[in-house]
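The structure under discussion appears below in the form of structure tokens.
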Amino acid sequence: MSGPVVRAEGLSRHYEVGGGMFSASQTLRAVQDASFSVEAGKTLAIVGESGCGKSTLARMVTMIEAPTEGRLLIDGTEVTPDRWAELRSSVQIVFQDPYGSLNLRHRIGAILEEPLKINRPDMNAAQRAEKGREMLDLVGLRPEHYDRYPHMFSGGQRQRIAVARALMLEPKLLVLDEPVSALDLSIQSQILNLLLDLQERLQLAYLFVSHDLSVVRHVADDVLVMYLGRVVEQAAKDDLFDAPRHPYTRALLSATPVADPRSSRQRIKLEGELPSPLAIPPGCAFAPRCWKAQDKCRAERPELDGGAHPAACFFPEN
């Protein structure tokens, strides 16, 4: 049995910010000690509030940024900056805004062929065009779309084009950074179903970054919850949605809209402000907003433990 497509071991990413003539710089710990793995045909969702480190983690996995600490392995090969060029074909990303991620001055055919020009110099123009048209058909677009410009398409069609471009190099892992949040609800379901169909047909591994837990419940196999740069809970999707252990996860789930008007759910409103990532309080970072916090939480930082369903909490939910 082959190993996971991607494995992260203690990934951290720090930034030095501020500083000047009369003040020292500060260290912003955007991601701290994140570990996970994703197998072929599976989806790991990363969820949390804005600023929790989801997108920073995605940038490290896609080799846009190098981790400050920790190890990242793609297909068993350790990722280092000198190997980025050879490994990037195995990992591709689909961004949140398809209009901003496509070059408006280029035709769709040129956009699709560009990854092949850079990474497959042995392919001629006819082979690149054939591959591009094949991918366009795979994502549900018509042959005549090949010669049009991005502004001539709807948001859902543009995201299909972005997915087709990501598949041109036949990657093993797709990083999906909020891929449907900029789309109408009716279009979101179409794109999500397309992604699930492609995953089944091509046995792709997905790293799905999202703040929308209703979407996550539809697509994920496993879920990783982040808060201020750290993983606070990690579990299989059904375990996490049915029995969240960390209070922060429970608060997130309570804020998820429910389509059934007869369903009653107690909304948990977190008190206080989100701490600054430059001044994370000692102990548990969630303690200032947690209704279960005790003196121990403010003095010590809980470790992520708990077997198959770990949670970084001294007093986890039952």
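The values are calculated or read from the model by the stated rules, or taken from the named source; none is laboratory data. Given the structure is predicted, the values throughout are model-derived calculations rather than measurements. Glycine also receives a Cβ, built like all others from the backbone with ideal geometry; neighbour counts cover every protein chain displayed. Accessible surface is based on the protein model in full, side chains and every heavy atom, while ligands, DNA and RNA are left aside. Shrake-Rupley method; radii C 1.70, N 1.55, O 1.52, S 1.80 Å.
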* To do: Would you point out the residue of region 283-318, among those that are touching a helix residue (DSSP H, G or I) at 6+ places or on another chain (Cβ under 8 Å) and open to solvent by 70 Å² or more (accessible area, probe 1.4 Å), that is modelled with the lowest pLDDT?
  => 308
* Can you find even one residue in region 67-84 that is hydrophobic (A, V, I, L, M, F, W, C), part of a helix (DSSP H, G or I) and crowded, with 18+ Cβ neighbours inside 10 Å? -> no
* Asked: Taking region 168-202 as the region of interest, how many residues are in contact with a His (Cβ under 9 Å, 6 or more places away or on another chain) and assigned to a loop (DSSP other than H, G, I, E, B)?
  -> 2
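Restricting region 112-129 to residues that are among the basic types (Lys, Arg) and open to solvent by less than 80 Å² (accessible area, probe 1.4 Å), which is farthest from the chain's Cα centre (by Cα)? Give the derivation first.
Going through region 112-129, the residues among the basic types (Lys, Arg) turn out to be 117, 120, 128.
Imposing the further condition that a residue be open to solvent by less than 80 Å² (accessible area, probe 1.4 Å) reduces the set to 120, 128.
Values: 120: 27, 128: 29 Å.
That would be 128.
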* Pairs only if they're at least six apart or on different chains, beta carbon under 6 angstrom, first in region 21-50 and under 22 Å from residue 8 (Cα atoms) and touching a residue at least 12 places away in the same chain (Cβ under 8 Å), second open to solvent by 20 Å² or more (accessible area, probe 1.4 Å) and among the hydrophobic types (A, V, I, L, M, F, W, C); list them, first residue then second. => 28/17; 28/278
* To do: Within region 203-236, track down each residue that is among the aliphatic types (A, V, I, L, M), assigned to a loop (DSSP other than H, G, I, E, B) and either under 18 Å from residue 93 (Cα atoms) or open to solvent by less than 10 Å² (accessible area, probe 1.4 Å) (or both).
  => 204, 220
* Which of the residues belonging to region 154-195 are in contact with a Phe, Trp or Tyr (Cβ under 9 Å, 6 or more places away or on another chain), hydrophobic (A, V, I, L, M, F, W, C) and open to solvent by 10 Å² or more (accessible area, probe 1.4 Å)? -> 182
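When you go through 249, 256 one by one, which is the residue that is farther than 25 Å from residue 296 by Cβ, open to solvent by less than 60 Å² (accessible area, probe 1.4 Å) and either at pLDDT 80 or above or not in a strand (DSSP E or B) (or both)?
256
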* Would you kindly identify the helices (runs of 4 or more DSSP H) lying entirely within region 86-155 that contain at least 3 residues that are closer than 16 Å to residue 166 by Cα, modelled with pLDDT of 95 or more and hydrophobic (A, V, I, L, M, F, W, C)? => 108-119, 125-138
* To do: Return a yes/no flag: does region 23-42 have any residue that is over 21 Å from residue 91 (Cα atoms) and either within 12 Å of the chain's Cα centre (by Cα) or not in a strand (DSSP E or B) (or both).
  => yes
* Could you please find all residues in region 283-294 being out of contact with any Gly (no Cβ under 9 Å at 6 or more places or on another chain) and in a helix (DSSP H, G or I)? => 287
* Structure fact -> Exactly one of 210, 181, 189 is touching a residue at least 40 places away in the same chain (Cβ under 8 Å) and more than 12 Å from the chain's Cα centre (by Cα), and that residue is 181
* Asked: For region 270-298, how many residues meet the condition of being more than 20 Å from residue 255 (Cβ to Cβ) and in contact with an Asp or Glu (Cβ under 9 Å, 6 or more places away or on another chain)?
  -> 3
* Asked: When residues of region 29-64 are filtered for being more than 24 Å from residue 311 (Cβ to Cβ) and open to solvent by 40 Å² or more (accessible area, probe 1.4 Å), how many remain?
  -> 3
* To do: State whether the residues of region 259-282 include one that is at pLDDT 90 or above, surrounded by fewer than 14 Cβ atoms within 10 Å (Cβ to Cβ), of a type in the set (A, V, I, L, M) and touching a Gly at 6+ places or on another chain (Cβ under 9 Å).
  => no
